[in-house]
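Read the structure below first, then the notes.
Derivation of every value follows stated rules applied to the coordinates shown; laboratory data play no part. The model shown is predicted, which means the values in this text are computed figures rather than measured ones. Cβ: placed from backbone, ideal geometry, glycine included. Neighbour counts: every protein chain shown.
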Amino acid sequence: MNDIMATIRNMIWTITHRLHFTDIIDILIVAVILYELLLLTRHTRGSALLRGLFLLLVIAFLSSLFGLVSLNWLLTIILQNGALVLIILFQPELRKALEKMGRGRWFHKSSKKANVEDESDILIQEIMQTVSDLSKRRVGALIVFERQTGLEDVIETGTRLNAAISAPLLENIFEPNTPLHDGAVVIRDDTVEAAACILPLAEASGVSRELGTRHRAAVGISENTDAIVIVVSEETGVISMAQDGVLTRPMTSHDLHQLLKQLYSDRETWVSSLMKILRSGMEGSGK
C-alpha cells in the first residue's frame, strides 16, 4: 500500500513540476487504453466489479491519509495481490480484449469511422420506414432509444434480441397477435437490445385522458431517464415523441427525421478525437 501511495505522490509531483509533451502523449495513450477497457465492461457485471474495486482503492487511500491503521492493514492484504485479483474478476473481459487484438479489430477502427455517417443514414432510414409503415396501418408501437442513462433494468423485463436494426424486424415485432408485440422495444446505439419490455407508467395527471397506456409508459420512462421514446398510436396512427417527461404530438416525417438525425449524427466517440490530437501533435513535433 505504501508503494501505491508513493507512486501516486510521484505522479502528482511529475504532473505539477515537469510535464512535457511526451508526458502528455503518454497520459493520452493510457487514457485511451483505460477507455477501451471501460467499454469492454460496459453493460456487463464487470462494470459493477470495476466500481467496487475503485471504491476499495479510494477507501485505502483515505485510510492511509487519515491514519486508520487497522482498516489500512485489512485493505492492504486485499490489494496486495491486485493483479491476480483483476485477472480472476475480469477474465471474460480480458479474453474478449485479447480476441479483438488477435482479429485486428482495434486496428481497423479508423477505417470504420469514415463510414459512420453512411451507417447512421441507413439506421435512420430503417427506423423512418418502420414508423411510417406502422403509422399508415395503425399498428401500435413503442420504441425507446437509450442515451446516457443505462436501461439494463428495463431490458431485463423483456426478451433479449441483440439484433441489428432493420425495418422488417421492427415491423414484425409490433405486428398484432405476435409474441413480442405487447411492450416496448429498447434500442441501444445500432442494436435492438430487447422487445416486449415493461416500462414504468406516468402519473395519470401528467397525460391527457384520451391517451392510453402506451403513451403513459412513454412519458413514464422519459421522466425517470434521459431516453427518447417514439410512440405510434394504435387508434389513430399518430406519431408522438416523449422526452424529459413531455409528450410531443403529432410528429411529422420531417420532425421524426430531425429527431433521429440528432440521435445518430454524432456517433464518433472522444477516442477518435483523442487520436486526431495525438496525430496532429506528432506531426507538429516532426516539423
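Is the C-alpha gyration tensor of region 150-190 telling us rounded, prolate or oblate? Criteria: a/c under 1.5 is rounded; beyond that, a/b larger than b/c is prolate, otherwise oblate.
Details: a/c = 2.52, a/b = 1.27, b/c = 1.98.
Here region 150-190 falls in the oblate category.
Each residue of region 256-261 in turn: what ³J(HN,Hα) in whole Hz from Karplus with 6.51, -1.76, 1.60 and θ = phi - 60°, glycine and Pro shown as x?
Karplus-based 3J(HN,Hα) across region 256-261 equals 5, 5, 5, 5, 5, 4 Hz.
Per residue, how much space in cubic angstrom lies within the convex hull of the C-alpha atoms of region 116-264?
Each residue corresponds to 99 Å³ of Cα convex hull volume.
Using a 10 Å cut-off around each Cβ, can you sort PHE174, PHE21, PHE145 from fewest to most neighbouring Cβ atoms?
PHE21, PHE145, PHE174
Ranking request for peptides 65-76, 185-196, 128-139: highest mean number of other beta-carbon atoms within 10 Å first, then the rest in descending order.
Ranked by mean Cβ neighbours within 10 Å, highest first: 185-196, 128-139, 65-76.
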